[in-house]
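To keep things clear, I will list the structure first and then write my remarks on it.
The values are calculated or read from the model by the stated rules, or taken from the named source; none is laboratory data. This structure is a prediction, so every number in the text was calculated from the model and none was measured. Every residue, glycine among them, receives a Cβ derived from its backbone with ideal geometry; neighbour counts consider all protein chains shown. Remember, those area values only see protein heavy atoms, side chains included, never the ligands or the DNA or RNA. Shrake-Rupley method; radii C 1.70, N 1.55, O 1.52, S 1.80 Å.
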Amino acid sequence: MKTTEQENTPSQAWTEDSVLDELISAENERRSTERFTLTWQDLDLDTAYRIQAEGISRRTAHSGKRIGVKLGLTSFAKQKQMGVAAPITGILTEDMHLFPGNPIPLSELIHPKVEPEIVFVLGEDLRGPGIDVAAAARAVARVHAGIEVIDSRYRAFDFRLPDVVADNASSARFAVADTGVPLADCDVINEHVALRIDGEIVAEATGEAVLGDPLRALVFAANELAARGDYLRAGEIVLTGAMTDAKAIAPGAKVSAEFSTLGVVSLQTSDISTTEEG
Ligand code: OOG
Ligand code: MG
């Protein structure tokens, strides 16, 4: 079928259920899939967030409980890289958490990329709507260095906003440095990070890249979750979004994100090759 015909073909009758089944199969079978908006052109954000929520409830039923929330596409670098111009939220579960010494399991992933992130751990619940930067700041217990490993279930990371929302914002794995600091001890806007792969600096940024202030990402999360009757809980981890564009990783690669005051978080990929694109 020619591309023009494909674009114009009416929905091949995707439903919320069949979209979710396809995303789960793609993840389990380590294969990518075509974005749904090619054939379901009016898939909207409310529907996409419902698909995401159902995916999380199935995931938490067997793989681990919810432990946090992530922001996606909060920096211009990421919005430009992905061609999508609005922040989104996703949900983090226990089974996504990589601890020191855990490799990035390439044999379980499709085409993973790494990105450095400023991470908040909450000391109290944060419930929108109407959250502002001051309220968000009060809820933060600690700030940590983090690396997110994203892995879109879409072919070549080609998606529109509803696709990536349904796919839980490309969530795959993440790592957070053990020790954090109180918010008062970290100027998160000017916090600098250098992302290294195999010793080489591949990207650099400061916290300002994240909506001008990573606390604004936390504000966005609280208010966005409130629109769907959800809120951030005390103790939850919040990944505020990539400060730089994301970088693909080869088997055996050593990745580290070196922050100016938050310290270093390091990961190594397993040396088993991925099934697609590397
Ligand atoms: C979407 C997820 C973006 C971030 O930090 O911006 C994200 C993607 O780029 O696949 O996690
Ligand atoms: Mg991210």
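Here are a few things to note about the model shown:
- Members of the range 206-243 that are at negative phi, of a type in the set (Gly, Ala, Ser) and away from ligand 2 (no atom under 13 Å from the Cβ): Gly207, Ala222, Ala226, Ala227, Ala234
- Unique match (being in contact with a Leu (Cβ under 8 Å, 6 or more places away or on another chain), within 16 Å of ligand 1 (Cβ to nearest atom) and of a type in the set (A, V, I, L, M)) among Ile91, Ile104: Ile104
- Screening Thr240, Thr244 for residues that are in a strand (DSSP E or B), under 17 Å from Phe76 (Cα atoms) and in contact with a helix residue (DSSP H, G or I) (Cβ under 8 Å, 6 or more places away or on another chain) leaves exactly one candidate, Thr240.
- Of the residues making up the range 90-130, those that are open to solvent by 10 Å² or more (accessible area, probe 1.4 Å) and in a helix (DSSP H, G or I) are Glu94, Asp95, Ser107, Glu108.
- Filter result for Ala141 (surrounded by fewer than 22 Cβ atoms within 10 Å (Cβ to Cβ) and either assigned to a loop (DSSP other than H, G, I, E, B) or away from ligand 2 (no atom under 16 Å from the Cβ) (or both)): yes
- Residue count for the range 237-259, restricted to those that are of a type in the set (Asp, Glu) and away from ligand 1 (no atom under 12 Å from the Cβ): 1
- Whichever residue in the range 65-84 is away from ligand 2 (no atom under 15 Å from the Cβ) and under 18 Å from Ala221 (Cβ atoms) and, among such residues, is least open to solvent (accessible area, probe 1.4 Å): Ile67
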